[in-house]
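The values are calculated or read from the model by the stated rules, or taken from the named source; none is laboratory data. On a predicted model such as this, the values are computed, not experimentally measured, just so you know. With ideal geometry, Cβ positions are generated from the backbone for all residues, glycine too; neighbour counts draw on all protein chains shown.
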């Protein structure tokens, strides 16, 4: 019975259907299924599948985003149940995301946010055009593990270095790890500005984030 | 609304047909096949038995046009009608009858043998852009007298798609018709659901050769579709003007249709060709020239005016390599062919004036075809409102807002063609990481993958054996004891 339901849950994520994902999450509560198992044996399977398909060029951005959205919707239903049980879904870590000051491009960054949330990270997405002090201030406020910064322009990517330098000055690293991304970002740049990690797409970003919080195997 | 390219006003089409009918009387058509001359004479045409020139009056042609089917289909091995000749349906198939193939490693044009044709069949079989196969290259490792039937034999073994083919003699056309009947389960079945169409060429200017006319008659009587491939060359074997060339093309087609319908009224036949301009510097017949495509678009308009199914030769290049010239000539001419609503467009994969084939070019051309077909799909209305319905309460004025909409997931595949890996849309970084490959190198990778993923279609073993026995018999009559060994086909 629950096996069948797990499959349907995974499928709802693969289909990117938030309504069905929510319905199935509610059904699992009625059936008194364990919410954590519902997430890990049901919904997560779907997210992982779409992630793999995307990596293989078989799935496309809308499918990836919709799967992430459906995952978020299902988890939102199950989280209160976890709290009631005195358990919480093990949080992978807390992430502050932002597009750096002077840059208003955010489609990639938003995708990273969606995929990180779907993978169990708590994500605060500050949006675009964010100065260093705002990013660092929010990271301190929520006790973030990771700051993720995106920049699409070669003229704004230098801002990533400013944030890192500021963090170093304040002695906040390595407590807070820094991930960077964006079209012009290369491995050389990452080494140069001493960032902790970078990825070329949202799926890779999840992998890097897990590594940075020491949970690469989850 | 299917987007359309039109080069001729209706008034001009009427003039073209009028002058074409005049050409049928003066200078007339040279018909070098006795049976065809007899058929025409019997119908009322005036035959000069010394010169073989026949004057064909308009009313005989009209009668022939009346009995010609406006539409018919080609069927795949399973009997599904996958190619429609008629209306503005557009299909593509690889070019035929190449004699060399581009060696992707040495870049030499190798003389083609059995493995070359098999490679092309395997690649084209897996590319959905090709609705039909063609007997793409001549296999020089079998005797000349069976080279045409042998190509069809291999195509029938390695493909389930319809086949655009052709015979090299009046004897072999009958043999090839028999081969098709073996796979179809008899001649009646083959007639009812034809698997293949045969290209038949008049010789410019205004000649139906013994062989061409003989083929028309044999195909008409067998009820197997024929495709006229009239090849006027503007400025050499046809008038230098486009309108003159299209008029001569019309006269050759009208004469062919008349011979064909007199042999058997109602048999399917196509208004087709490989018209080209004549290059005045090199004396060549450029298939990639824009004027060549314009001739084809024009004669297709003439055909459609009188309700005939259409064919042409586009999507090829005169370049010797799969390079920038190949890309632009093939892509642009495929687009023109598609926008002309031509039912079967042959030529993809071909280089060097239709003499050289390339599997790599086939996979690149497939993307050009996808672009052309996407264009044909036009700009569609998918939603009740054009835009306002997209801006619901979830709109946050963020760039990614629309990626989160269910309708985006539902419609993006309809709105966008998703290209294969041959088309590079990676970031500079990703492109470098993947080896900094150019189009040709990416195509080589794709060909390797397609060859690895190919599976021979499941064909009734009894039919396969019968086909093999038939081919072996033809080979023995041609003086060889066996056929070239084929790696993955060992008939009982």
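Listed here are the helices (runs of 4 or more DSSP H) enclosed by the range B:378-492 that have at least 1 residues being in contact (Cβ under 8 Å) with a residue 24 or more places away in the chain: B:406-415, B:439-453, B:461-477. Elements of the type helices (runs of 4 or more DSSP H) sitting completely within the range A:59-176 and holding at least 3 residues that are within 14 Å of chain B (Cβ to nearest Cβ): these cover A:61-84, A:107-118.
Would you confirm whether any residue within the range A:105-117 is over 27 Å from residue A:60 (Cα atoms) and in the same structural domain as residue A:158 (by TED's automatic domain parsing)? No, the range A:105-117 contains no residue that is over 27 Å from residue A:60 (Cα atoms) and in the same structural domain as residue A:158 (by TED's automatic domain parsing). Only residues that are touching a strand residue (DSSP E or B) at 6+ places or on another chain (Cβ under 9 Å), in contact (Cβ under 8 Å) with a residue 40 or more places away in the chain, assigned to a helix (DSSP H, G or I) and farther than 22 Å from residue B:31 by Cβ were counted across the range B:180-218, and they come to 1.
Within the range A:16-58, if we keep just the residues that are surrounded by 17 or more Cβ atoms within 10 Å (Cβ to Cβ) and in a loop (DSSP other than H, G, I, E, B), the residue that is nearest to the chain's Cα centre (by Cα) turns out to be A:16.
Identification of strands (runs of 3 or more DSSP E) wholly contained in the range B:54-106 with 1 or more residues that are in contact with a helix residue (DSSP H, G or I) (Cβ under 6 Å, 6 or more places away or on another chain), surrounded by 20 or more Cβ atoms within 10 Å (Cβ to Cβ) and at pLDDT 95 or above yields B:91-94, B:100-102. If you go through the range B:420-439 and keep only what is within 11 Å of chain A (Cβ to nearest Cβ) and within 28 Å of the chain's Cα centre (by Cα), you end up with B:420, B:421.
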